[in-house]
Amino acid sequence: MNIDFSSQIQYIVALLPEVLLTVWAMLILLVDVFQKEDRSEPSSPAIAWLTLLGLLLAGAANLWLLTLREATPTGVIALDGFRVFTNFLFLLAGVLFVLISTRYLEEERLRLGELYVLMLLSTVGMMLFAGTRDLMLIFLGLELLSVPIYVLTGANRRSRLSAEGAIKYFLLGAFSSAFFLFGIALVYGGARTTNLTLVAQAIGVDGLRANPLVTIGMALLAVGFGFKVAAVPFHMWTPDAYEGAPAPVTAFMAASVKAAAFAAFLRVFLTAFPGLYDTWGRMVFWLAILTMVVANLTALVEPNVKRMLAYSSIAHAGYLLVALASASVIGAASFLFYLVIYTLMTIGAFAVMVAVAGRGEEWLDIESYSGLGWRQPLLGVVMTIFLLSLAGFPFTGGFIGKVFILRAAVEKGMNWLAVILVLTSLVSYWYYLRVAWYMWFREAPAGAPQPVRTPRAMTAALVAAAILVVALGVAPGGLLRAAQDGASALLQAPAACTYGRSPARGGGAGADVCHLTPRRPLG
């Protein structure tokens, strides 16, 4: 089916997963309201399963997008493999959030249906953020992504840390949005368009036609993205927001919000600014170095496991920036592959932390993990798998992801960047394996907390995530091929679209036709 956006219904068709998920969120909100006789009553457990059903339906609609084709490559809604791949990633994060959060929300007396609604709306924002080709629509996606997350961060109104984290996240998030919006304004002022493909045409394949406003606007966009992906030095909000947010929300933030920001970062810079790669490539190069070094060194001395995982997520942002800096098909493919692995192992690690922390998240220090492997073998085994994958241990998905990122960096000639990635990964072995050592080689102190009994849904999510992490470390071929198809769809997009009149038919006046100019390789 060809989509040419000649009518409004074409936009609804192209945005079917987002429209379906939005309508489903509204229905869940109504169901939650009408099933309560009193506002103080907790929401029914059925709300979580309805949310899960909505995510699965959106996944089916997203699969249907593969049957759609664009008439021109300048539409504001992207219909390519990259969008389909990233949409599945966001939906996977949503499914894992539902599965790991049910017991936690009940224990903390936060069984509120609106939390699931906010998660669904944030997922819609992520899908718009990463799947559109117009800077204004990307900004709307950014805000739809961010505002529900601000609320979710402060969902535990009885916690001072939750309120503090939400305020910091909101203020710095608004600050970064201002940078992003000002960058859009300057790009529009220099290129006279906010369409990514047409911005690339205005700049030219060699960047010689770039207006200084475009270059400044591009730098401001990079700052806005830097805040969202928590790259150093724009990471100040991350530890406090991650520590204060309810643990399942922290897992969702650390995985899906970062994935969405990186996916949008990749689309915007590889689609709109390929001609300015020499400028932004150097900027991303130094951001990657700073992020990897600072985050890993800080995580070394962090005794709080939740904050350690927060700094760990910042370090992984540095690894993903290496893939972005390579700006090649193999770099983009390794980027997408690593995002999937990162989502599985990050949400998995935070889910185990939910079980260990107990009610009120009182047990977050590393001593709480002493003897966990013997007291709770399932939690100990899956946590060890997630930690080894986060560190990049062989035969795990994290190792394969880092190998392909290293390959992309070396092929691009960024040998020093590859060396720093290897060295900082070796540093990370200390704080990841330290937790594993406590779990298996330290005896639990007297009075140590017993981890809560994990419900079946959470157990299934943990086991499935651990199996996938190991399977993708042993046989990564299928996911790598899907990632490469998605990356190729993005990088093979035209860098220019020149319009001309088609021959008239039947006495008509003809129509505008887009003549494509092939993209010159970056760098």
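Per-structure values
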{"quantity": "Answer from Phe227, Phe252 - the residue that is buried (at least 24 other Cβ atoms within 10 Å of the Cβ) and either among the hydrophobic types (A, V, I, L, M, F, W, C) or touching a His at 6+ places or on another chain (Cβ under 6 Å) (or both)", "calculated": "Phe252"}
{"quantity": "Test: Val199 is buried (at least 23 other Cβ atoms within 10 Å of the Cβ) and either free of Cβ contacts under 8 Å to residues at least 12 places away in the same chain or farther than 27 Å from Ala315 by Cβ (or both)", "calculated": "yes"}
{"quantity": "Failed condition for Pro377, given (1) surrounded by fewer than 20 Cβ atoms within 10 Å (Cβ to Cβ); (2) touching a residue at least 40 places away in the same chain (Cβ under 8 Å)", "calculated": "(2)"}
{"quantity": "Hits in the range 194-224 (condition: part of a helix (DSSP H, G or I) and of a type in the set (Ser, Thr, Tyr))", "calculated": "Thr197, Thr215"}
{"quantity": "Filter result (under 14 Å from the mean Cα position of the chain (by Cα) and of a type in the set (A, V, I, L, M, F, W, C)) within the range 305-323", "calculated": "Ile314, Ala317, Leu320, Leu321"}
{"quantity": "Residue match in the range 264-276 (condition: modelled with pLDDT under 90 and surrounded by fewer than 23 Cβ atoms within 10 Å (Cβ to Cβ))", "calculated": "yes"}
{"quantity": "Residue match in the range 225-239 (condition: part of a helix (DSSP H, G or I), aliphatic (A, V, I, L, M), under 21 Å from Leu135 (Cα atoms) and in contact with a helix residue (DSSP H, G or I) (Cβ under 7 Å, 6 or more places away or on another chain))", "calculated": "yes"}
{"quantity": "Identity of the residue in the range 176-196, surrounded by fewer than 19 Cβ atoms within 10 Å (Cβ to Cβ) and among the aliphatic types (A, V, I, L, M), that ends up farthest from Ala261 (Cα to Cα)", "calculated": "Ala185"}
{"quantity": "Options Val427, Val410, Val422: the member that is of a type in the set (A, V, I, L, M, F, W, C) and free of Cβ contacts under 8 Å to residues at least 12 places away in the same chain", "calculated": "Val410"}
{"quantity": "Hey, Leu417 in contact with a His (Cβ under 8 Å, 6 or more places away or on another chain), surrounded by 22 or more Cβ atoms within 10 Å (Cβ to Cβ) and modelled with pLDDT of 90 or more or not", "calculated": "no"}
{"quantity": "Residue check for Trp363: surrounded by fewer than 19 Cβ atoms within 10 Å (Cβ to Cβ) and free of Cβ contacts under 8 Å to residues at least 24 places away in the same chain", "calculated": "no"}
{"quantity": "Meets criteria (modelled with pLDDT of 90 or more and either of a type in the set (Gly, Ala, Ser) or over 30 Å from Arg160 (Cα atoms) (or both)) for Val435", "calculated": "no"}
{"quantity": "Scope the range 310-332; condition farther than 18 Å from Ala288 by Cα and at pLDDT 90 or above; matching residues", "calculated": "none"}
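The values are calculated or read from the model by the stated rules, or taken from the named source; none is laboratory data. Values in this document were obtained by computation on a predicted structure and should not be read as measured data. Please note: Cβ atoms are built from the backbone with ideal geometry, for glycine as well, and neighbour counts cover all protein chains shown.
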